[in-house]
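The values are calculated or read from the model by the stated rules, or taken from the named source; none is laboratory data. This one's a predicted model, so the numbers in the text were calculated from it and none came from an experiment. Counting neighbours? That spans all protein chains shown, and the Cβs are built from the backbone with ideal geometry, glycine included.
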Amino acid sequence: MMSSSFNLFRVGISFVMMCIFCKSAVGSLSELSPQKYFSTLQPGKASLAYFCQADSPRNSVFLEELNEAVKPLQDYGISVAKVNCVKEETSRYCGKEKDSMKAYLFRGNILLREFPPDTLFDVNAIVAHVLFALLFNEVKYISTLEDLQNIESALKGKASIAFSYVRAIGTPEHRAVMEAAFVYGTTYQFVLTTETALLESIGTEDIKNAHLYFFHCKQVLDLTEQCRRTLMEPPLTTLNIHRFIKTMEAPLLTEVAEDPQQVSTVHLQLGLPLVFIVSQQATYEADRRTAEWVAWRLLGKAGVLLLLRDSSEVDIPQHANVVFRRAEEGVPVEFLVLHDVDLIISRVESNMHIEEIQEDEDEDMASPDMDIQDDEVAETVYRDRKRRLPLELTVEVTEETFNTTVVASDSIVLFYAGWQAVSMAFLQSYIDLAIKLKGTSTMLLARVNCADWSDLCTKQNVTEFPVVKMYKEGETPVSYTGMLGTEDLLKFIQLNRISCPVNITSVQEAEEYLNGELHKDLISYSSVSVLGLFSPNMTTVKEDFTEAGNCLKGYVITGIYSEEDVLILSNKYAATLPALLLARHKEGKIESIPLANSPAQDIVQIITNALLETFPEITVENLPIYLRLQKPLLILFSEGSINPQYKKAMLKLAKDKHLDSLIPCWLNLQNTPAGRGILQAYFDALPPLPLIVVVNLHSGGQVFAFPSDQAIKEQNLLLWLKKLEAGLESHITVLPAQEWKPPLPAYDFLSMMDAAASHHPTRKDPECTKETDASEKDKKQEDKSAIRKEPIETLRIKHWNRSNWFKEGGKSFTHDNKEL
Amino acid sequence: MDLWAAARLWGPPGLLLTWALHLALCLRSAQTSVPPSRDYCVLGAGPAGLQMAYFLQRAGRDYAVFERAPRPGSFFTRYPRHRQLISINKRHTGKANAEFNLRHDWNSLLSHDPRLLFRHYSRAYFPDAGDMVRYLGDFAQRLGLHVLYNTTITHVTLHKARQAWNGHYFILTDQMGHTHQCSVLLVATGLSVPNQVDFPGSEYVEGYESVSVDPEDFEGQNVLILGRGNSAFETAENILGVTNFIHMLSRSRVRLSWATHYVGDLRAINNGLLDTYQLKSLDGLLESDLTDLAIVKDREGKFHVTLKFFLEEGNPSADADAVTLPQDDNDNFAMRVAYDRVIRCLGWNFDFSIFNKSLRLSSGGKFSKKYPLIKASYESKGSRGLFVLGTASHSVDYRKSAGGFIHGFRYTVRAVHRLLEHRHHGVAWPSTELPTSQLTSAIVRRVNEASGLYQMFSVLADVILLKENAMAFEYLEEFPVQMLAQLETITGRKARHGLFVVNMEYGRNFSGPDKDVFFYDRSVGHTEDAWQSNFLHPVVYYYRHLPTEQEVRFRPAGWALPRPTAIHHVVEDFLTDWTAPVGHILPLRRFLENCLDTDLRSFYAESCFLFALTHQKLPPFCQQGYLRAQGLVGTESLRRHGVESGLLRDYTTADRLHEDGARRPLGSSRAPGPPVRPPESNKEEL
C-alpha cells in the first residue's frame, strides 16, 4: 500500500509541478450517457460523475474547473466523467429539474457522496472534496479541543499526528493537506479542523492562515506526557507539506565523523541546510544535549548533526564549534564560532529567508545587494575619498594654461575625470610618482581634470580616461601605453630622458653602452639594451631601426652604431650586418640577432620578443606579455626565491628544446601574493611548495600538477612532460570557461512602468498589456497561497525570453522529481 | 571722372582696367542665363542662419547667406519691443566646463571662439536686445561668415535638373532681379509676419509691432490686450502701473513655463499681471475665442466688446451705439466696460509668400499654421534639399523642447549640418569608437556635461551603436531621435548589433499648464524609484534592433521613443550632477551589463592577474586593459581599503591559506568573479 501510494504521490507531485508550469496540459473530460457511464465503473475504483442535461450549456465555468480536475484526479486513480442525461435513458441521478444537477462520487458502483455543484467551486475544491470523501477513515475531522485530546492520548506511543487547520473545506490548503494525507495517511494520523477556536486553544496566535502541526506522539511512552509539537512554518502547499513530513521522519540527530562537505542526508535533498555541532570526546555528553536541543528547535528547518572532531579526518579550524553547510551544491561549508545556541538558530533562519526568496523568484537572487558596490575600484576609491592627496606636487592645467605650461616645457600630462573611479585610482599612483620624482626630474608632471576642461581633453584627442601623454617640444605628443602604476610610469619617464635610439659614435662608447656603463642610472629600468649595428651605407634598414627605436622609446633602451669601424663590433660579437646586439645586464650576456630587411614594425616585434626571458619570474606586471604567446604555462610556485637547482633543471630542459610548446616560468609568492589565490583555485588541499603546474589557458583550461612526491629534477620533469604530451596525465582541475555575466540584475523599470500604466486603463498599449497579463498569470501559478512581500522587480535580459524561462523552470523540477 | 583722369595718367594700366571691367560686364550678362551657383544658400542672417553659416564655413563648403537688412539679426533691432530678452544669460555656474556652462547660456551661438560667448556681451541675467544685435554682428564678422547684406530674396522657385544633388536647383531672385542657383536651400527666416485674427472691428486694434512702448501714452486708460503669450504679458508689464486696469483676453488658459517646462510659455519675469489680477487690483484675465468677438467703437471713440453674432443679427449699417452688446441681455457681462485701447499680441507666422508653389512648402503642423511643414530631420516634406532652421523649425518640438529658441536650435542646426555632410560629402556623422569597458564612463560624461541633450531634451539624443560581440561601441552625439529608424542612411554608421539611446526627460506626468509642480514629495531619491523621477533626468533606452519607422511613428503615447527592450532611468538629481558612485553610476552599470550580458566592473591588475590564471575568460575590463599590459596597478592604501571592504583578498599573509580551510570556489558571493551557475552534473548526483 505504502509503495503504491508513494508512486501515486510522486505522480501527484510532478503533476502539481506541471500544473504550475504549463497550465494548458490537461486531460479532457469524457462525456457519456448514463448507461454507458455505469457500464464503465470498475469495482473498487473511484469515479466522479457530473450529471447534467445534454443540451444545457450552463455551468460552463463548473465544467471548465471539472475539466481541469480530470488530470489530478486521474493521478489518484479517480476517473471523472460528465454524464449527459438524455430523455430516452432516465437515471435517478439525473434529477427532475434542470437546476438540481449534481456530481456524484462512486466507488465501484456504490455511491459514496453527492456534491451540489456549488461546493465544487474550483479545481482545488473538487480535488479536496473528492479526496476528503475517499480518505474518510484516514483524515479525522474534529471541531473541539476535546476531540483532539482524545485522539492524542489514543495515539501516544503508537503513531504521530499531522494536525491541520484550514480556513474552509475546498481551499487550496485543504487540497494540499488532502493530497499529503493520500500519501502519508497510513503512517500518520491526519486530523483536520476548520475551527479557529480550536486553533487558538492550542496556542496559535495567527489564525488567519492555514497551519499544520506535527504531534510527535509515537515516541511518547509516558501517557501523562504531552506530545511534542512542531509547527510547519512555510505556507501549506503539497510540496512544502511533503518536505516537512519527510524531515519529521528523518532521525533527529545524526552522529558523523566524515568531512562535512561529503555528508549527505535527506535534508540536503530537500533543500535544507545542515548544522554540524562540533564535539570532542571530553565534552561529548554536553554537546549531544546541546545538539538535541538545537535539533528540536530546527526541526523542519535544517538537519542537525553531531560532528566528532577527534575521529574526523577533516581539518576543522581549532576554535570552530559549528559547521554550517548550505543546501546549494558547490557552496563551501562555513566554519563558525558561535557561543550561543540562539545564534545557531538565527543563522539558519536568516539563511532560510534568503533561500525562500531564491526559490520563489529565482531571478531575484540577492536583490537587496543591488545597491551595494561590487566594483573594487569604485569602492576603494570611494572609501579613500576623504584622504587629501598632495595634489600640489603636480601642476593643474586648465584650458587657459595648457599652452603656456605644457607646450612650453617637456611634460607628462595625466588626463582624468574627477568622477571616474579608475582615473582617480590612477591619480593616486600619479601623485606617488610625483613624490618619488620630487625635485629630481626635468619633466613637468601635469594633470587635467576633464570633468572641468572637457573641450581641452577633446582637443587633445582624449576620449577615454585615464590617459597619459608626453609632450616634448617639437615632437608630436606620445600616449603612454604601459601599466597604470607608479613603477611602470616612472620607468617610462626615466627611459624617455635619452633619445632612442641613442647615437653611439665610437667603439669605446659602444662597449660602454653594452656593459651598461653609459646609462648606468637607467639600467635598473631596462634590463636589456639593444644596439643596432649597421654599415654606414645601409640607409633603409637604419631608418627602419630608428623608427622602431622611437616606437619603443620609454620601454627599452636602444642605440645605433653605424660608423666605418662597425666591423670591429660585428666581428667581436659574431654578428652579420645588419644586426642587433642585445645586452642582458642582469646576466651579463650579449647576444646577436641578424636583421634582414625587416620593416620597422617587424623590428619592434623582434626586439619585444627578444626581451622575453627563457624562464622568467612571472609577475602581475609581466604576465600579459607572456600570455600573448598563446601557449600553456608551466609555472613553478615558490615561496621566496627559486632554488637554483630547479632553475638549472628548467633552463636545461628549455635549452634542450623540451619546453618549446610551453612558457616555462616561476612565481615567487612573496613578490606576487596573488599566487596563493591561484593555488587555492588549483588544489583542494594544498601540497607543500614548491609546486609545478601546467596550465592550459588557451585551449581547454586543464591544470596538471607535477606529482609533489617526486623531486624536481630534469629527468622527472621530462618524463612527466612526455606523459602529459601523450595525454597520460589526468588534470587536477579545469578552469571555468564561463563568460563573465552581470554580477547582479538591474532594476526592471520597463515592467514597473508597465505595471503603473496598467492601472490607468485609459492608456492602451497592446504589447504592454500582453506582457503584464503574462506576468500576472505567472505569479498566480507560481504560488497559490503564499503571502509574501512583493520583491523588487529585477531583470535579466536573457530571461525576457519566456520560453527560456520555462525551460529552466522545467529543469529544476526534473531534479526535484529525482529527489522524491 | 576722377577715375578716368587717373586712367589717362597711368596709361596702359588704365587700359587693363577697362578691359577687366568689360570682362566683368560680359560675365554679368552671361550670368543672366546661368545664374551664380552655390552648394548652400542660407536665407536670413539671424541666429540660425549665422549658426549654419558657421558650420558650413568650418567645413569649407560653398555657401552664402542672404540678408535683407544691412546687418545680422534685424529682428532683434525691433523686437522684443520692450527690449528685454527673456533668455537667460547665466554668467556663473561655479563650473569650468565650457560645455556644461552652455546648459545655462541661452544666447550664445556655437563656435570654437570663447570670445564669442554672450556673457562677454552683457552682464544682465535677462539681457537687452541691443546686445544681441551687437553679438550677432560680431559673430558674423569675427568668424568671417559669408553674408550678402541688403539682399532681399523676393522669390524662390524650383528648377528641375538631373545633375543636381537633389534632382533640382533652388532659384532665388533678389530685389534687383538677379538670380542665384542653390543645390541646398536652408531657410532661416524666422517668423516675421504678425499673426492677425480677422473679426469685425479688428481695424481698431493696435498691433504689438507698432504699439507705443511709452507708458505715458496709457496713463489712466482702460486697456484690453488680446493674446496670452510672452509678448502680451511683456506689453502689460510695461504699462501695468499707469493704466486704470488691463484686461487680457485669449482663447486658452494661461500656460506658465515653470509648470509646462516649455520656455515659450509665460515666463515668471513677465507675469506681473497674474500677480495683480489675483491680488484684486482690477486687472484680469478672460478666456474666449477671439473669432467670435467683435469690437465696436462708440461716439466717444471708446471700444466695446460684443459678439460677432450680434453684429450679423443687427443692421450692419446701424450706428455703433445701436449694436446689441452682451450686457444688454446679461447685465453682469465681464467686458461691459468701455476700453480706450485694444492691443493685439498674437505672435508671428512664417512668411510663406516668397516661396513658389513648386517648392510645396506648405503650412500646417498639427498645432497651428504658423510653421512650415517639415520632417524631424528639419527637411521640408515638400522638396528634398530644402531645410528649415531656427525659430521656423519649431513645429518639430513646439511646446515640448527648445527648438524654437537660440539655446535649442543652435544644436538642431548642427544636426542638420551633420546630416548634410554625410549626404553630400560622404562625411559620416562624427563618432568616437571606444572599448566596452568605457561604456559607463562615456554615458556618465555626456549626461553630466552635454548641453545639446539638456537643452533639446527628448528631441536630440545620443546614440550608442554596439559593435559585434559588444566589445566596442560607437558614440554618436545629438541625433534627432524621431529619425532613429533612418539612422543608418542619415549618419552613414551601421547599427547591426543593438544600440542605446541616451535621452533627457522630465517625468511623464509632471509637466502641464494645470500641473502643480511644487507638490510635496515631488523628488525621488531612491534608485529603485528612478523611473518616477520628475525633474529632468537621463533615460537610457536599449534596443536589440534599430526600431523601424512604424515603431517610431506608432510609439506609445507620451513616449519620446518607441518601446525599448529595456529602459533605465538615472534618478533625478537636485544638482543635475549624476556622478554619485552608488546612486547614479552603479545602477547604470548594472543596467548596461544586463543589456550586454557581461560584467562591466573595473578591476585592479592583481585581480585580473588572478582571473587570467584561474579562468579561461576574462571580464572586458581585464581584456581591454590588463591583457594589453595596461592594467590598473593601484596603490597600497587603495588595496587596504579593498581588503577592508571584502572586495579584495589579502594574500600577503601566508597562514591565511590554511586558516580558510577548504578551497574557495572560483567566484563566490561578494568576491569578484563570474557568478557560479550550478553545473549540469548536479542532477546526476541527486
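In the range A:624-643, which residues are closer than 23 Å to A:Leu686 by Cα and either not assigned by the TED database to the domain that holds A:Leu697 or not in a strand (DSSP E or B) (or both)?
Looking only at the range A:624-643, we keep the residues that are closer than 23 Å to A:Leu686 by Cα, and these are A:632-643.
Scanning the range A:624-643 gives A:Pro632, A:Glu639, A:Gly640, A:Ser641, A:Ile642, A:Asn643.
Can you tell me which residue among A:Val448, A:Val422, A:Val397, A:Val407 is buried (at least 21 other Cβ atoms within 10 Å of the Cβ) and more than 24 Å from B:Ala580 (Cβ to Cβ)?
A:Val397
Can you go through A:Pro742, A:Pro707 and tell me which one is in contact (Cβ under 8 Å) with a residue 24 or more places away in the chain and in contact with a helix residue (DSSP H, G or I) (Cβ under 9 Å, 6 or more places away or on another chain)?
A:Pro742
Tell me, please, whether a residue that is in the same structural domain as A:Asp488 (by the TED database), part of a strand (DSSP E or B) and without any contact (Cβ under 8 Å) to a residue 60 or more places away in the chain can be found in the range A:378-394.
No, the conditions are met nowhere in the range A:378-394.
Determine whether the range A:263-273 contains at least one residue that is modelled with pLDDT under 80 and touching a strand residue (DSSP E or B) at 6+ places or on another chain (Cβ under 7 Å).
Scanning the range A:263-273, I find no residue that is modelled with pLDDT under 80 and touching a strand residue (DSSP E or B) at 6+ places or on another chain (Cβ under 7 Å), so the answer is no.
Taking the condition buried (at least 24 other Cβ atoms within 10 Å of the Cβ) and facing chain A (nearest Cβ under 10 Å), does B:Ala530 pass?
yes
So, in the range A:434-455, exactly how many residues are away from chain B (no Cβ under 14 Å) and among the polar types (S, T, N, Q)?
Result for the range A:434-455: 3.
Determine, yes or no, whether B:Phe519 is surrounded by fewer than 20 Cβ atoms within 10 Å (Cβ to Cβ), out of contact with any helix residue (DSSP H, G or I) (no Cβ under 7 Å at 6 or more places or on another chain) and either part of a helix (DSSP H, G or I) or hydrophobic (A, V, I, L, M, F, W, C) (or both).
yes
If you go through the range A:609-624, how many residues are touching a residue at least 12 places away in the same chain (Cβ under 8 Å) and under 30 Å from the mean Cα position of the chain (by Cα)?
Final tally of qualifying residues: 4.
List the helices (runs of 4 or more DSSP H) that sit entirely inside the range A:134-232 and contain at least 3 residues that are aliphatic (A, V, I, L, M) and in contact (Cβ under 8 Å) with a residue 40 or more places away in the chain. Spell out the reasoning first.
On the way: elements: A:145-155, A:172-184, A:196-201.
Those helices (runs of 4 or more DSSP H) span A:145-155, A:172-184.
Yes/no per residue for (1) hydroxyl-bearing (Ser, Thr, Tyr); (2) within 14 Å of chain B (Cβ to nearest Cβ); (3) surrounded by 21 or more Cβ atoms within 10 Å (Cβ to Cβ):
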site	(1), (2), (3)
A:Tyr626	yes, yes, no
A:Leu629	no, yes, no
A:Leu651	no, no, no
A:Lys655	no, no, no
A:Asp660	no, no, no
A:Asn671	no, yes, no
A:Ala685	no, yes, no
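Which members of the range A:470-514 meet the condition of being in contact with a strand residue (DSSP E or B) (Cβ under 7 Å, 6 or more places away or on another chain), farther than 17 Å from A:Leu433 by Cα and either among the small types (Gly, Ala, Ser) or in a helix (DSSP H, G or I) (or both)?
A:Ser479, A:Ala510, A:Tyr513, A:Leu514
Got a sec? Which strands (runs of 3 or more DSSP E) wholly within the range B:428-504 have at least 1 residues that are within 18 Å of B:Val540 (Cβ to Cβ) and within 20 Å of the chain's Cα centre (by Cα)?
B:460-466, B:472-480
Mind listing whichever residues of the range B:66-81 are surrounded by 16 or more Cβ atoms within 10 Å (Cβ to Cβ) and either part of a loop (DSSP other than H, G, I, E, B) or touching a Ser or Thr at 6+ places or on another chain (Cβ under 9 Å) (or both)? Break it down into steps so the answer makes sense when it comes.
Step one: filter the range B:66-81 for residues surrounded by 16 or more Cβ atoms within 10 Å (Cβ to Cβ), giving B:66-69, B:71-76, B:79-81.
Correct list: B:Phe66, B:Glu67, B:Arg68, B:Ala69, B:Arg71, B:Pro72, B:Gly73, B:Ser74, B:Phe75, B:Tyr79, B:Pro80, B:Arg81.
When you scan the range A:598-619, do you find a residue that is surrounded by fewer than 19 Cβ atoms within 10 Å (Cβ to Cβ) and on the phi > 0 side of the Ramachandran plot, even just one?
No; the residues of the range A:598-619 include none that is surrounded by fewer than 19 Cβ atoms within 10 Å (Cβ to Cβ) and on the phi > 0 side of the Ramachandran plot.
Please indicate, with yes or no, whether at least one residue in the range B:118-127 is over 15 Å from B:His407 (Cβ atoms) and of a type in the set (A, V, I, L, M, F, W, C).
Scanning the range B:118-127 turns up at least one residue that is over 15 Å from B:His407 (Cβ atoms) and of a type in the set (A, V, I, L, M, F, W, C).
Residues are listed down the side, and each one gets a yes or a no for (1) at the interface with chain B (Cβ under 10 Å from one of its Cβ atoms); (2) surrounded by fewer than 18 Cβ atoms within 10 Å (Cβ to Cβ); (3) over 20 Å from A:Leu633 (Cβ atoms); (4) modelled with pLDDT of 50 or more:
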| position | (1), (2), (3), (4) |
| --- | --- |
| A:Ile692 | no, no, no, yes |
| A:Val695 | yes, no, no, yes |
| A:Gln738 | yes, yes, yes, yes |
| A:Ala756 | yes, yes, yes, yes |
| A:Thr772 | no, yes, yes, no |
| A:Arg788 | no, yes, yes, no |
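Look at the range B:587-613 and say how many of its residues are in contact with a Phe, Trp or Tyr (Cβ under 8 Å, 6 or more places away or on another chain) and within 7 Å of chain A (Cβ to nearest Cβ).
Final tally of qualifying residues: 12.
Condition first: at the interface with another protein chain (Cβ under 9 Å from one of its Cβ atoms) and either small (Gly, Ala, Ser) or surrounded by fewer than 20 Cβ atoms within 10 Å (Cβ to Cβ) (or both). Now tell me which residues in the range A:714-735 satisfy that.
Matches in the range A:714-735: A:Val734 only.
Test A:Glu205 against the stated conditions and say whether it is out of contact with any Pro (no Cβ under 8 Å at 6 or more places or on another chain), assigned by the TED database to the domain that holds A:Leu155, farther than 20 Å from A:Tyr188 by Cβ and charged (D, E, K, R).
Yes, satisfied.
On the given criteria, is B:His568 modelled with pLDDT of 90 or more, in a strand (DSSP E or B) and closer than 17 Å to A:Tyr747 by Cα?
It is true that B:His568 is modelled with pLDDT of 90 or more, in a strand (DSSP E or B) and closer than 17 Å to A:Tyr747 by Cα.
Quick grid of which residues meet (1) in a helix (DSSP H, G or I); (2) not small (Gly, Ala, Ser):
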residue	(1), (2)
B:Met248	no, yes
B:Arg253	no, yes
B:Trp258	yes, yes
B:Gly264	no, no
B:Ile269	yes, yes
B:Leu286	no, yes
B:Thr306	no, yes
B:Gln327	yes, yes
B:Val337	no, yes
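In the range B:437-451, how many are within 8 Å of chain A (Cβ to nearest Cβ) and out of contact with any strand residue (DSSP E or B) (no Cβ under 7 Å at 6 or more places or on another chain)?
6
Here are B:Glu636, B:Glu606, B:Glu593: which of them is out of contact with any strand residue (DSSP E or B) (no Cβ under 8 Å at 6 or more places or on another chain) and crowded, with 24+ Cβ neighbours inside 10 Å?
Sole residue among the options that is out of contact with any strand residue (DSSP E or B) (no Cβ under 8 Å at 6 or more places or on another chain) and crowded, with 24+ Cβ neighbours inside 10 Å: B:Glu606.
If you check B:His104 against the conditions, is it buried (at least 20 other Cβ atoms within 10 Å of the Cβ) and either within 20 Å of the chain's Cα centre (by Cα) or in contact (Cβ under 8 Å) with a residue 40 or more places away in the chain (or both)?
no
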